[in-house]
1. Whole-Hz Karplus ³J(HN,Hα) for region B:199-205, in order, using 6.51 cos²θ - 1.76 cosθ + 1.60 and θ = phi - 60°, x for Gly and Pro?
2. Using unit Cβ charges (K, R positive; D, E negative) and no other charged atoms, how large, in debye to the nearest 20, is the dipole of the protein assembly as shown about its Cα centre?
3. If one computes P(r) from the Cα atoms of region B:164-266, what percent of pairs lie at distances over 20 Å?
4. So what's the back-of-envelope 222 nm ellipticity for chain A, counting only DSSP H runs of four-plus at -39500 (n - 2.57) apiece and dividing by all residues, rounded to 500?
5. Taking the alpha-carbon centroid of each part, what is the distance from region A:6-28 to region B:243-266 in angstrom?
6. Of A:Y249, A:N54, B:L171, which is farthest towards the positive pole of the protein assembly as shown's charge dipole, taken about the Cα centre with +1 and -1 on the beta-carbons of Lys, Arg and Asp, Glu respectively?
7. Could you go through region A:200-212 in sequence order and give the Karplus-derived ³J(HN,Hα) for each residue, using 6.51 cos²θ - 1.76 cosθ + 1.60 with θ = phi - 60°, rounded to whole Hz, and x for Gly and Pro?
8. Suppose we take every Cα in chain A and form the convex hull; what volume per residue is that in Å³?
Amino acid sequence: MKTDMTVKIGTLKLKNPVMVASGTFGAEYRKLIDVGSLGAIVTKTITLKGRAGNPPPRVAETSSGMLNSIGLENRGLDDFIRNKLPLFPSGKTALIVSIAGDKETEFIQMAEELNKIKKVAAIEINLSCPNVKHGAREGLVAQDEEASYNIVRAVRASTKLPLVAKLTPNVTDIARVAVAVEKAGADAVLAVNTFAAMAVDIDTKKPKLGNVTGGLSGPAIKPIALKMVWDIYNKVDIPVIGAGGIMNYCDAAEFMLCGASAIQVGTATFVNPNTACEIAAGIGKYCAENGVKKVSELVGNINIGAL
Amino acid sequence: MKQIYAKILKNENLGNGFRRIGIAAPYLAKNAKPGQFVELRCSGETDPLLRRPFGVHRVTKGGIELLYEIVGRGTEIIARKKPGEILDLIGPLGTGFVLPSGKPTAILVAGGNGVAPILFLSEVLAKKKVKQHVLIGGRSKSHILCEKDFKRCGARVSVTTEDGSKGHKGLVTHILKELLADNGPKPAAIYACGPTGMLKAVANIARTHRVSCQVSLEEKMACGVGVCLGCPVKVKRGHGLCGTGYEYKMVCKDGPVFDSEEIYWE
Ligand SMILES: Cc1cc2nc3c(=O)[nH]c(=O)nc-3n(C[C@H](O)[C@H](O)[C@H](O)COP(=O)(O)OP(=O)(O)OC[C@H]3O[C@@H](n4cnc5c(N)ncnc54)[C@H](O)[C@@H]3O)c2cc1C
Ligand SMILES: Cc1cc2nc3c(=O)[nH]c(=O)nc-3n(C[C@H](O)[C@H](O)[C@H](O)COP(=O)(O)O)c2cc1C
Ligand code: FES
């Protein structure tokens with residue numbers, strides 16, 4: 001018997017729970033993998049106006065992980081709509097556009113523009129990019145419940161598209177921020193973005209990133225990300241999307257058992273471009289072998305036993 | 001560009017930490033151009049995690065060869081691989097060298113393991129009957145690679161070592177300067193690969209003598225295919241977001257070969 005692999009994120013229906021994460025996927029991968037087998041593609045975060053990004057080096061490898069400090073390099077909303085969007089296939093794979101900004105008005109303007117484009121299935125609000133300073137303010141939007149609430153609220157009012165709020169793990173209690181974005185009207189909450197981190201070359205005494213600090217991703221962060229998904233799942237009613245170090249279908253199943261309705265694959269795509277496609281097939285097989293009729297039955301189905 | 005699982009045919013020791021690995025990969029043999037590279041996965045483990053980039057060193061019958069220097073954990077793992085084992089690689093990646101039209105003289109400058117892509121270029125130029133002068137520079141005698149291979153391509157070869165243990169003592173750029181100062185016919189193009197300092201010096205000399213120059217650059221990479229924006233190099237032209245006279249291009253996708261005049265050298 002074939003498992004029903006579809007999942008629902010608010011009004012957004014996905015053919016399967018596997019997405020590729022923002023900043024780690026682009027149309028270039030169409031040459032290497034069957035993009036149509038993915039549940040969704042999340043595009044690299046864009047801002048209203050273009051940004052130059054951080055000086056090199058922008059990436060550095062660490063034990064079972066990597067640091068990045070890209071600095072949200074992008075050419076802005078207009079260029080994205082004109083030149084990038086057409087490169088993605090329109091079909092059963094949902095296209096989710098990730099946005100960020102310095103001001104509420106920027107988020108609103110972007111959401112309004114994207115609302116008009118049929119190809120866009122949902123908006124992911126990047127509240128958590130650790131690499132860009134928010135004007136004079138220190139820290140990130142997603143480290144501040146009130147600021148997160150305000151942004152999501154503003155975007156909610158300006159689009160009918162399903163909204164995913166992406167959170168930073170660099171907080172004391174991520175579930176509180178999740179509750180705030182749920183109240184603000186997010187359709188789903190996504191955890192996590194990268195962990196603030198750094199590395200130093202002891203011979204040159206220089207930081208391994210041009211920006212000195214950056215964000216850690218990859219298998220090194222998986223157990224921490226998993227626990228955050230679990231914490232959020234226990235506090236909100238909207239779907240949770242899990243991300244952080246997912247390398248194979250076993251990792252993906254772990255996230256779903258801890259409460260993720262869908263998952264995102266980031267760094268693993270660099271290691272093996274086919275990872276997300278293999279995970280989609282792998283979860284299907286896992287469900288079939290375990291008599292799971294609908295993949296959504298896995299969500300939160302962790303067996304804690306009698307406590 | 002394809003992801004390929006290719007059988008290792010040989011993995012030979014060239015001495016002093018340099019090795020040459022040959023793999024069976026008809027697709028790459030057919031499609032790779034000089035200056036392009038491949039992204040190689042060191043192991044199936046998560047540590048080291050990322051793929052490693054290597055320039056295509058040579059195209060053989062039904063395959064390619066890579067020349068690599070053992071500098072860290074990834075290259076150490078690759079060095080231990082045996083013929084018959086399977087390598088996971090993606091390629092060919094990036095843009096290649098733009099070949100000269102006609103049959104003028106080309107000067108090829110290679111520093112250290114920078115000979116890797118330069119030999120492939122030399123072999124292709126030889127087929128096009130382009131006259132070549134190859135300048136190889138290294139720290140000492142043991143860092144001078146592929147001299148015989150270049151000679152087999154019919155190239156004139158000049159060697160420089162910093163300690164004078166082979167060829168001229170000094171830097172490869174000294175020879176380049178002398179060559180261009182000669183009153184003979186100007187070369188049509190300079191092609192260079194090696195340490196950034198060397199490339200910058202080569203670019204300066206090329207500018208002084210008004211000879212077109214292409215350099216193959218290196219930067220740390222994650223995806224290798226232009227997706228992550230992780231491998232920027234400062235260039236003078238482009239989308240103009242910085243307002244500072246430079247902006248970024250990606251070494252993996254827009255390069256690794258650039259016109260030296262395009263680079264915003266620092
Ligand atoms: C487009 C491109 C083509 C290349 N072609 C060749 C080639 O043909 N032959 C060859 O021997 N090497 C080549 N390199 C460099 C090669 O990729 C690195 O030496 C290799 O990734 C090091 O891996 P490692 O795990 O052994 O070292 P690591 O443990 O990762 O690092 C060891 C040392 O190598 C340096 N290093 C690591 N990655 C790079 C990199 N991408 N570029 C420069 N230095 C690096 C580190 O700074 C460190 O000092 C190329 C690099 C690029 C970007
Ligand atoms: C090179 C790189 C660039 C990234 N860019 C973005 C981005 O633009 N927007 C965003 O929301 N997240 C970005 N991320 C974070 C990922 O989407 C993901 O949340 C994080 O890497 C954790 O997942 P992983 O361990 O599977 O990579 C980036 C990550 C990497 C490694
Ligand atoms: S390594 Fe990812 S863009 Fe070049």
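1. Rounded to whole hertz, the list is 4, 5, 5, 4, 4, 4, 5.
2. Working: 75 positive and 53 negative charges, 442 e Å.
I would put it at about 2120 debye.
3. Working: 2422 of 5253 pairs.
Everything past 20 Å amounts to 46 percent.
4. The helix contribution divided over chain A gives -8000 deg cm²/dmol.
5. Between the Cα centre of region A:6-28 and that of region B:243-266, the gap is 34 Å.
6. B:L171
7. 10, 7, 6, 6, 8, 6, 9, x, 6, 10, x, 8, 6
8. Convex hull of Cα atoms, per residue: 136 Å³.
The values are calculated or read from the model by the stated rules, or taken from the named source; none is laboratory data. Remember, predicted model here, so these are calculated numbers, not experimental data. Neighbour counts run over all protein chains shown; Cβ positions are idealised from the backbone, glycine included. The protein model used for the area step is the full one, side chains on, heavy atoms only, and it has no ligands, DNA or RNA in it. Shrake-Rupley method; radii C 1.70, N 1.55, O 1.52, S 1.80 Å.
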